[in-house]
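Participant: The structure follows.
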Protein chains: 2
Amino acid sequence: MASSIDPTCDPTLKSFIPVDSDTHFPIQNLPYGIFSPTRREDPRFGVRIGDQVLDLAVLQDCGLLDSASLPDGIFSYPVLNPFMELPKEQRRAVRLLVSGLLREEEPTLRDNLNLRQRALLPADSVTMHMPVAVRDYTDFYSSKEHATNVGIMFRGKENALMPNWLQLPVGYHGRASSIGISGEDVIRPHGQTIAPDAEFSTFGPSRLMDFELEMGFFVGSGSEQGKPIPINQAADKIFGMVLVNDWSARDIQKWEYQPLGPFNSKNFATHISPWVVTMDALEPFRLEAPAQDPEPLAYLRENDRHTFDINLEVEITAEGDDEGLKVCASNFKHLYWTMAQQLAHHSVTGCNMSSGDMLASGTISGPDKGSFGSMLEITWRGTEPVILPGGKERKFLADGDTVAMSGWCQGDGYRVGFGEVANKILPALDLL
Amino acid sequence: MASSIDPTCDPTLKSFIPVDSDTHFPIQNLPYGIFSPTRREDPRFGVRIGDQVLDLAVLQDCGLLDSASLPDGIFSYPVLNPFMELPKEQRRAVRLLVSGLLREEEPTLRDNLNLRQRALLPADSVTMHMPVAVRDYTDFYSSKEHATNVGIMFRGKENALMPNWLQLPVGYHGRASSIGISGEDVIRPHGQTIAPDAEFSTFGPSRLMDFELEMGFFVGSGSEQGKPIPINQAADKIFGMVLVNDWSARDIQKWEYQPLGPFNSKNFATHISPWVVTMDALEPFRLEAPAQDPEPLAYLRENDRHTFDINLEVEITAEGDDEGLKVCASNFKHLYWTMAQQLAHHSVTGCNMSSGDMLASGTISGPDKGSFGSMLEITWRGTEPVILPGGKERKFLADGDTVAMSGWCQGDGYRVGFGEVANKILPALDLL
């Protein structure tokens, strides 16, 4: 197992920054993000550790990262992209240095009060930003359980999965401009919808707002146009992962999606968690990916077919309620198509991948009812509403609802987590 | 008519640069592009005039554009985006200055041999680049004739148009990274296809390579997330237009497209003409857009519904042949949904538009057989092959074929044109 060869993942490691056993951000994680210390200061590169943010630009200024031979100012960009493009070895060198500086027995940062004050900031005092300039955004549809559920609802049990679904990782191009981070609000979108049996559509706010529990990965180094990424080199192209809420307006989607796929029903907003967890940190939580039947074509066949054991939860809290309802407990490991397969399939035509591309999984539903990753499935198209702790009923999402997704890998006495992506729905604008 | 108020469009204007009456680039056009004078020099901003390219960075350096109060170095960027974002009045001021400097009676540039040598370069000596950093790319499906043709082939005459088609401009998100310019080659893509009645797909080079004759426009200034662009303000957001060849692998498309739309069948390459023709230059060629029945919903209803009279042609030339075959003569005016409607629909959910977004029309087919904009329609799915002048037969495109699209507005004794987008198909790579 890779954890035995990567000292930064050693479960016995401890930092001088105190953390609880259920923190998502122990010294074994060290995710990257972009933050501003105060509203007046420029965004820069940070690493999350417990309830603190470590300012890498400050560490570089002090020469503490010199041995990694990094480009000047690489941590002062307002996005991770220039760092993501560095060779893997160089990125690993940074991880090793940061891990070393944060260890409880290492005095360099621990005992330098002046440096600590400049380099370590309370996470609740900083402003987070989009971590990555997303070049192109692609959304897959890789959960067999989700595709089956949706298929049963729309086409019946006999034809639930489309014939292509088991043979290729179905996906579509999404809208990159409207991707934002946890904490931003989402405004209920307007659009065209049609009543059952009506001839003409009407215009108004979506009535069937939904979330989709997904995870996404960022491409680190890109590929050249005309040069497919071979399946067994694909994993090396992946920089790290985030939680993704792929907001969906089901009534708009139903009317618009044929024959070219979802468009307005998805393009108004997509939200991600702000801390990008690297593949190095996830390595100890590798699992074999689900067996595939039929066996995929050669360009999708992996020597080392693997996925990750990432617990996922969704909670809905109505405006004014103290308590939310956990509507879903799922796991990334349920996905049928792996990230490597998605990347190999995406590029097999010669489509050039870029540093900063975001590829999302599609809704991650598990086999049981409690593990479904969208309201569409949880309430089975609204036929089985859920009741929030405050007594309110939900078929789909209401204005004022906050949807919070969280995700973490469970180690022995510690977690490596993604924090959360939590966003509130605001009422539709008055467009008149 | 706007030409009477815009002196740069006056058909009687003449430049001291001699042009033929059939040039696409008389003084009335003045399209923008990005070029390098030589391979060693950095890309910069140019204006095409006849067979010459005018270097705007040189003009700005000499102070000849000072009265437009432009940001320093705006013409030294390797993309048009910073210029596209300027207020319309400022962009118009530049057009007026450039038009003035190129007039036959204006001595400033005409009689300054040293300046002429630095600022005017033969178009066939420079290297053209992608003119715009495309933020997001969206492809519509706005030709009723094309959608009907495809519908008849795949679903029969009775159900040719999907019920939503006449009520909203159907579109989908495309792949921005693989957009290139005229002159680049396109490699025949590999992908999954399935034989009729087969249970399992196979992998190999696409056998049904096709072009799609389209036009695209670039968004000049963007919009804020959550703020739809009102239909009657949409036209002002459009910077200019180009020809678009939306390469399509029909056999890959047929197998993959349900239920989320085209993906690999389109993502390997899209090519555009390198000179961006501004809306100012197209103004004299405005036409009323086709009547719509049913009347669209209010957010798609235009006070000043208009399109442009742009002749479009496609020619296919086989490798080694001296002569090509004109397979299509169409016109932009056939499109049912206008650019303003596309932009209003795209953003009505609150989707934020960015400077540099490219929105393409979808295949522009006319009512007659000679005006169909794809091989799929021209050969009616391969059942009616065309014969090239050298005697070769084509159902779809073959390796070595060059597809050249051109487009122009016909004035009285002059043209305002787009040049061409011409690209050759290379054989599929050997992936083993």
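Each value in this text was obtained by applying a stated rule to the coordinates, not by laboratory testing. Note that this is a predicted model, so its numbers are computed, not measured. Cβ: placed from backbone, ideal geometry, glycine included. Neighbour counts: every protein chain shown.
Participant: Cα-Cα pairs above 28 Å in the range A:137-426: how many percent?
Facilitator: On the way: 14588 of 41905 pairs.
That tail contains 35 percent of the Cα-Cα pairs.
Participant: Please list, in chain and number order, the residues 5+ apart from A:Met215 or on another chain whose amide H is under 5 Å from its amide H, with Hs placed from the backbone.
Facilitator: A:Val244, A:Ser361, A:Gly362
Participant: Please report the antiparallel percentage of the DSSP beta bridges confined to the range B:137-426, to the nearest 5.
Facilitator: Among the beta bridges of the range B:137-426, antiparallel pairing accounts for roughly 85 percent.
Participant: Still on this structure: Which ³J(HN,Hα) values in Hz, rounded to whole numbers, follow from the phi angles of the range B:222-231 under the Karplus curve 6.51 cos²θ - 1.76 cosθ + 1.60, where θ = phi - 60° and Gly and Pro get x?
Facilitator: Couplings: x, 9, 7, 4, x, 10, x, 8, x, 3 Hz.
Participant: What percent antiparallel are the DSSP beta bridges of the range A:15-129, to the nearest 5?
Facilitator: Working: 15 of 15 bridges.
The antiparallel fraction comes to roughly 100 percent.
Participant: Across the range B:45-58, in residue order, what do the Karplus-derived ³J(HN,Hα) couplings come to in whole Hz, using 6.51 cos²θ - 1.76 cosθ + 1.60 with θ = phi - 60° and x for Gly and Pro?
Facilitator: Once rounded to whole Hz, the list reads 7, x, 10, 8, 9, x, 9, 10, 10, 9, 8, 6, 4, 5.
Participant: Another one. Where in chain B are the DSSP H helices whose C-alpha atoms run 20 Å or more along the long axis and whose mean Kyte hydropathy is at least -1.0? Please list the in-between numbers first.
Facilitator: Values: long enough: B:88-102 (21 Å, -0.01).
The qualifying helices are B:88-102.
Participant: What residues have an amide H closer than 5 Å to that of A:Gly411, excluding those fewer than 5 places away on the same chain, when H is modeled at 1.01 Å from N in the peptide plane?
Facilitator: Amide H to amide H, under 5 Å and 5 or more residues apart or across chains, A:Gly411 pairs with A:Val416.
Participant: According to a simple spin-label model (label point 7 Å from Cα along Cα-to-Cβ), what is the distance in nm between B:Asp124 and B:Ile5?
Facilitator: In this crude spin-label approximation the distance works out to 4.2 nm.
Participant: Right, next: How much of the DSSP beta bridge set in the protein assembly as shown is antiparallel, as a percent to the nearest 5? Mind dumping the intermediate values first?
Facilitator: Working: 130 of 146 bridges.
So the antiparallel bridges in the protein assembly as shown amount to around 90 percent.
Participant: Put a dot 7 Å past each Cα toward the Cβ at A:Glu319 and B:Thr12; how far apart are the dots in nm?
Facilitator: Each label point is offset 7 Å from its Cα along the Cβ direction, giving 6.4 nm.
Participant: Still on this structure: Under a point spin-label approximation (7 Å from Cα along Cα-to-Cβ), what is the B:Ser221-B:Leu96 distance to one decimal in nm?
Facilitator: Taking the simple label geometry, B:Ser221 and B:Leu96 are separated by 1.7 nm.
Participant: Kindly state, as a whole number, the per residue volume in cubic angstrom of the convex hull around the alpha carbon atoms of the protein assembly as shown.
Facilitator: Details: hull volume 154.0 nm³, N = 864.
Looking at the protein assembly as shown, the number lands at 178 Å³ per residue.
Participant: Ok, one more. To the nearest Å, what is the center-to-center distance of the range B:378-432 and the range A:299-329, using C-alpha atoms only?
Facilitator: After rounding, the separation between the Cα centres reads 48 Å.
Participant: Moving to a separate point now. For the rotation taking A to B, I'd like to know which residue in chain A has the C-beta closest to the axis, plus that distance in Å.
Facilitator: Nearest-to-axis residue on chain A, with distance in whole Å, is A:Gly261, 1.
Participant: Using Cα pairs under 8 angstrom and six or more residues apart, how large is the relative contact order of chain B, in percent? Kindly include the intermediate steps, with their values, before the conclusion.
Facilitator: Values: 1023 pairs, mean separation 90.2, N = 432.
Here the relative contact order equals 21 percent.
Participant: Once you have the alpha carbon radius of gyration of the range A:90-147, what is it after dividing by 2.2 N^0.38 Å, with N set to its residue count?
Facilitator: Values: Rg = 18.9 Å, N = 58, 2.2 N^0.38 = 10.3 Å.
My calculation over the Cα atoms of the range A:90-147 gives 1.83.
Participant: While we're looking at this one, here's another question. Viscosity 1.306 mPa s, temperature 10 °C: give me the Stokes-Einstein translational D for the range B:15-129 in µm²/s, with Rh taken as the Kirkwood radius over C-alpha pairs. Please report the intermediate quantities before stating the final value.
Facilitator: On the way: Rh = 14.3 Å.
Approximately 111 µm²/s, per Stokes-Einstein.
Participant: Using the Cα centre as the reference, give the magnitude of the dipole from point charges on the C-beta atoms of the range B:15-129 (Lys, Arg: +1; Asp, Glu: -1; all else neutral), rounded to the nearest 20 debye. Don't skip to the answer; put the middle values down first.
Facilitator: Details: 12 positive and 16 negative charges, 41 e Å.
In total the dipole reaches around 200 debye.
Participant: Given a Förster radius of 25 Å and the C-beta distance between A:Phe203 and B:Phe154 as r, what FRET efficiency does 1/(1 + (r/R0)^6) yield to the nearest 0.05?
Facilitator: Working: r = 29 Å, r/R0 = 1.16.
Plugging the Cβ-Cβ distance into 1/(1 + (r/R0)^6) gives 0.30.
Participant: Could I ask something else about it? Once R0 is set to 30 Å, what does the formula 1/(1 + (r/R0)^6) return for the Cβ-Cβ distance between A:Thr108 and A:Asp185, expressed as a FRET efficiency to the nearest 0.05? Please list the in-between numbers first.
Facilitator: On the way: r = 41 Å, r/R0 = 1.37.
Result of the calculation: an efficiency of 0.15.
Participant: Quick one: go through the range A:229-251 and flag any residue whose amide nitrogen is under 20 Å from the point 7 Å out along the Cα-to-Cβ line of A:Asp304.
Facilitator: A:229-241, by backbone N distance to the label point.
Participant: Still on this structure: Using Cα springs under 10 Å in a Gaussian network model of chain A, which residue among A:Ile231, A:Ile387, A:Ile316 shows the largest mean-square fluctuation?
Facilitator: A:Ile387
Participant: I've got another one for you. Take the Cβ-Cβ distance between A:Thr38 and A:Asp72 as r, set R0 to 35 Å, and report the resulting FRET efficiency rounded to the nearest 0.05.
Facilitator: Values: r = 24 Å, r/R0 = 0.68.
Efficiency, rounded to the nearest 0.05: 0.90.
Participant: Can I ask one more? Checking the cross-link filter: which lysines have an alpha carbon closer than 16 Å to that of A:Lys254, excluding same-chain neighbours under 8 positions apart?
Facilitator: A:Lys266
Participant: At A:Pro163, label 7 Å along Cα→Cβ: distances to the other copies, nm, ascending?
Facilitator: 2.6
Participant: Another question, if that's okay. If you plug each phi of the range A:375-388 into the Karplus form 6.51 cos²θ - 1.76 cosθ + 1.60 with θ = phi - 60°, what whole-Hz ³J(HN,Hα) values come out, in order, with x for Gly and Pro?
Facilitator: Values per residue, Gly and Pro as x: 5, 3, 7, 4, 9, 6, 6, x, 7, 10, x, 9, 10, 6 Hz.
Participant: Follow-up question, since we're still on this one. Filter A:Lys157/A:Lys392; B:Lys14/B:Lys237; B:Lys326/B:Lys424; B:Lys144/B:Lys326 down to the pairs with a C-alpha to C-alpha distance above 25 Å, please. Working shown, then result.
Facilitator: Details: A:Lys157/A:Lys392 31 Å; B:Lys14/B:Lys237 30 Å; B:Lys326/B:Lys424 16 Å; B:Lys144/B:Lys326 22 Å.
Exceeds cut-off: A:Lys157/A:Lys392; B:Lys14/B:Lys237.
Participant: Would you mind ranking A:Val314, A:Val277, B:Val47 by Cβ crowding within 10 Å, fewest neighbours first?
Facilitator: Least to most surrounded, the residues fall as B:Val47, A:Val314, A:Val277.
Participant: Quick one: which residues, 5 or more positions from A:Phe372 or on another chain, have an amide H under 5 Å from its amide H? H modelled 1.01 Å from N in the peptide plane, none for Pro or chain starts.
Facilitator: A:Ala329, A:Gly366
Participant: Taking the beta-carbon count within 10 Å as an exposure proxy, list B:Cys9, A:Cys62 from fewest neighbours to most. It would help to have the intermediate numbers written out before the result.
Facilitator: Numbers: B:Cys9 25, A:Cys62 15.
Ordered from fewest to most neighbouring Cβ atoms within 10 Å, B:Cys9, A:Cys62 come out as A:Cys62, B:Cys9.
Participant: Still on this model: Please identify every one of the GluC sites (Glu not before Pro) in the range A:20-108 that sits in a loop by DSSP and has no more than 13 other beta carbons within 10 Å of its own beta carbon. Mind showing how you got there, number by number?
Facilitator: On the way: sites: A:Glu41, A:Glu85, A:Glu89, A:Glu104, A:Glu105; in loops: A:Glu41, A:Glu85, A:Glu104, A:Glu105.
Here the sparse-neighbourhood loop sites are A:Glu41, A:Glu104, A:Glu105.
Participant: In the range B:296-337, which GluC sites (Glu not before Pro) are in a loop and have at most 14 other Cβ atoms within 10 Å, using DSSP for the loop call? Present the calculation step by step, with values, prior to reporting the outcome.
Facilitator: Working: sites: B:Glu302, B:Glu313, B:Glu315, B:Glu319, B:Glu323; in loops: B:Glu302, B:Glu319, B:Glu323.
Qualifying residues, ordered by number: B:Glu319, B:Glu323.
Participant: Provide a whole-number value for the mean count of partner chain Cβ atoms within 10 Å of the Cβ atoms in peptide A:339-352.
Facilitator: Values: counts 0, 0, 0, 0, 0, 0, 5, 4, 3, 10, 18, 13, 10, 7.
Partner Cβ neighbours, averaged per residue: 5.
Participant: Using the count of nearby Cβ atoms within 10 Å as a rough guide to exposure, how do B:Lys14, B:Lys237 rank from fewest to most? Don't jump to the answer; show the numbers that get you there.
Facilitator: Numbers: B:Lys14 16, B:Lys237 24.
Fewest to most other Cβ atoms nearby, the residues stand as B:Lys14, B:Lys237.
Participant: Another question about this same structure. As I understand it, the dipole of the protein assembly as shown uses +1 on the Cβ of Lys and Arg and -1 on the Cβ of Asp and Glu, about the Cα centre. Which of A:Leu213, A:Gln192, A:Leu312 lies farthest toward its positive end?
Facilitator: A:Gln192
Participant: Measuring from a point 7 Å past the Cα of A:Lys326 along Cα-to-C-beta, which residues in the range A:244-266 have an amide N at less than 19 Å?
Facilitator: A:244
Participant: Mind checking the range A:166-246 for GluC sites (Glu not before Pro) that DSSP puts in a loop (not H, G, I, E or B) and that have at most 12 other Cβ atoms within 10 Å? Before the final figure, lay out each step's value.
Facilitator: Working: sites: A:Glu184, A:Glu199, A:Glu212, A:Glu214, A:Glu224; in loops: A:Glu184, A:Glu199, A:Glu212, A:Glu224.
Sites meeting the loop and neighbour criteria: A:Glu199, A:Glu224.
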